[in-house]
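Asks: So that we are looking at the same thing, I have put the structure below in structure tokens.
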Amino acid sequence: MSNDDLAAVKRLHSVYAEMKEEIGQVIVGQQEVVEQVLMAIVCRGHALLVGVPGLAKTLLISTLSEALDLSFRRIQFTPDLMPTDITGADVLEVDQESGRRGFRFVQGPIFANMLLADEINRTPPKTQAALLEAMQEHHVTVGEKTMKLPNPFFVLATQNPIEQEGTYPLPEAQLDRFLFNIIVDYPSEDEEREIIRRVTSPSDVKITARMHAEEIVQLQDIVRRVPVGDHVIEFAASLARATRPKEANAPDFVKELVAWGAGPRAGIGLISAAKAHAVLRGRFHATTGDVAAVAAPVLRHRVLTTFNAEAAGVDSDEIIARLIKELAPKEEISV
């Protein structure tokens with residue numbers, strides 16, 4: 001890495017600490033969630049946030065957009081939402097002077113740096129699929145027109161894991177587009193008391209932007225240049241391949257408990273996220289410890305369990321933890 005890159009990494013490390021304090025004025029706790037969302041952003045990924053209502057998922061994302069000085073839009077996904085409600089549509093207009101009619105494209109809410117797809121599983125697959133091209137290619141096609149989205153561009157989607165009536169589970173192809181599946185858990189007892197105290201008291205907190213869109217794009221390029229040793233790539237590839245029950249070298253518990261394992265995007269995601277994990281800590285290289293640290297959010301939505309696993313109360317997180325314990329180099333995993 002060049003001296004400029006090293007200086008940028010040091011700046012990100014210091015800004016990250018400032019941003020946590022800034023976001024902490026509004027959001028109580030959830031440090032791990034904030035970190036994982038930031039990691040997704042600096043390695044050009046999208047994130048799925050899963051948690052019950054009332055855990056400030058929407059507030060966290062909107063606050064983060066202010067701290068990063070990014071344009072922010074929110075879409076409430078409902079059963080009657082149409083693809084054009086997301087992407088935009090051509091509308092017929094009449095020129096008042098000439099009387100001529102013509103079509104003008106009106107941009108949808110997807111034309112923003114940060115898009116919150118709230119309760120994404122509330123809308124049918126046809127509308128969910130409207131996000132696929134945007135998430136992968138960072139542009140939108142409507143009719144004969146293809147339009148680029150702002151840079152940077154992120155989709156942060158939320159899901160309620162409890163209430164499943166009237167929902168449309170995301171297909172595996174779309175789940176695979178999300179770099180992270182982030183679990184938003186209940187606050188601790190002390191945090192919950194602080195939440196109640198803050199929400200029921202007067203507040204005039206203003207978030208100060210600590211970073212801007214241009215800086216984020218530069219950091220994304222720097223994260224891609226973070227060096228990674230061959231043994232780290234080998235560990236990430238082995239971890240992803242070990243989740244596939246049909247692989248000859250897959251552990252016996254995987255063959256019994258996993259119905260479908262992670263695809264090639266998982267290994268790519270592990271290395272990209274490991275680089276971001278290292279950079280946020282001010283380090284200039286990624287280790288197997290970084291891979292292990294990001295394995296759960298990268299893999300949990302890509303590992304589909306069997307009925308035997310469900311009956312035994314074993315989820316994908318437990319399977320991933322067992323794989324790390326079995327495959328990780330012991331001398332480096334604690335880094």
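Asks: Note down the net charge around L132, summing +1 for each Lys or Arg and -1 for each Asp or Glu among other residues with Cβ under 14 Å from its Cβ.
Replies: -1
Asks: What order do you get for I27, I268 when you list them from fewest to most C-beta neighbours inside 10 Å?
Replies: Numbers: I27 20, I268 16.
Taking fewest neighbouring Cβ atoms as first place, the list is I268, I27.
Asks: Then there is this: For the chain, what does the helix formula give at 222 nm: sum of -39500 (n - 2.57) over DSSP H segments with n ≥ 4, over the residue count, nearest 500 deg cm²/dmol? Mind showing how you got there, number by number?
Replies: On the way: 15 runs with 152 residues, N = 335.
Roughly -13500 deg cm²/dmol at 222 nm, from the helical runs in the chain.
Asks: Ok, one more. Give me L92, L70, L12 sorted ascending by neighbouring Cβ count inside 10 Å, so fewest comes first.
Replies: Fewest to most other Cβ atoms nearby, the residues stand as L92, L70, L12.
Asks: Still on this model: Among the lysines, which have Cα under 27 Å from the Cα of K126 when same-chain residues fewer than 8 positions away are ignored?
Replies: By straight Cα distance, K126 reaches K57, K145, K148.
Asks: Further question: Pick out, in residue order, every one of the trypsin sites (Lys or Arg not before Pro) in segment 208-250 that is DSSP loop and has at most 15 other C-beta atoms within 10 Å; say none if there are none. Could you put the intermediate results ahead of the total?
Replies: On the way: sites: R210, R224, R225, R241, K246; in loops: R210, R225, K246.
Sparse-neighbourhood loop trypsin sites (Lys or Arg not before Pro): R225, K246.
Asks: What FRET efficiency would be calculated for the residue pair H231, R322, taking the C-beta separation as r and a Förster radius of 22 Å, to the nearest 0.05?
Replies: Numbers: r = 21 Å, r/R0 = 0.95.
Given R0 = 22 Å and the Cβ-Cβ separation, E is 0.55.
Asks: Check each of the trypsin sites (Lys or Arg not before Pro) in segment 1-59 and keep only those in coil by DSSP with at most 10 other C-beta atoms within 10 angstrom; list them in order.
Replies: Listed in order of number, the matching sites amount to none.
Asks: Let me ask something else about it. So which GluC sites (Glu not before Pro) in segment 292-333 are both in a DSSP loop and have at most 14 other Cβ atoms within 10 Å of their Cβ?
Replies: Working: sites: E310, E318, E326, E331, E332; in loops: E331, E332.
Answer in residue order: E331.
Asks: Related question: Using the number of other C-beta atoms within 10 angstrom as an exposure proxy, rank V217, V205, V15, V155 with the fewest first. Mind dumping the intermediate values first?
Replies: Working: V217 13, V205 9, V15 18, V155 22.
The most exposed by this proxy come first: V205, V217, V15, V155.
Asks: Now for a separate question. Specify which labelled value, from (1) 135; (2) 168; (3) 181, agrees with volume of the Cα convex hull per residue in Å³ derived from the coordinates of the model shown.
Replies: (3)
Asks: Taking only C-alpha pairs under 8 Å that are 6+ residues apart, what is the relative contact order of segment 85-224 in percent?
Replies: 21 percent
Asks: Under DSSP H, which helices of the chain have Cα atoms covering 30 Å or more of the helix axis and a Kyte-Doolittle average no less than -1.0?
Replies: Helix filter hits for the chain: 3-24.
Asks: Starting from the Cα gyration tensor of segment 227-327, take the square roots of the eigenvalues, sort them a ≥ b ≥ c, and report rounded, prolate or oblate (rounded when a/c is under 1.5, otherwise prolate if a/b is larger than b/c, else oblate).
Replies: Prolate, since a/c reaches 1.5 and a/b exceeds b/c.
Asks: Please report, in debye to the nearest 20, how large the charge dipole of the chain is about its Cα centre when each Lys and Arg carries +1 at its beta carbon and each Asp and Glu carries -1 there. Write down the numbers at each step before the final one.
Replies: Values: 35 positive and 47 negative charges, 126 e Å.
The calculated dipole for the chain is roughly 600 debye.
Asks: Follow-up question, since we're still on this one. Which Cα, out of N308, I324, A286, lies furthest along the positive dipole direction of segment 227-327 (beta carbon charges, K/R +1, D/E -1)?
Replies: A286
Asks: Return the lysines within reach of K10: Cα separation strictly under 22 angstrom, same-chain partners fewer than 8 residues apart disregarded; answer none if there are no such residues.
Replies: Qualifying lysines at Cα under 22 Å: K20, K275.
Where a number appears in this text, it was derived from the coordinates with a stated rule and is not lab data. In this text the structure is predicted, and so the values were computed from the model without any measurement. Neighbour counts are summed over all protein chains in view; Cβ atoms, including those assigned to glycine, are modelled from backbone coordinates with ideal geometry.
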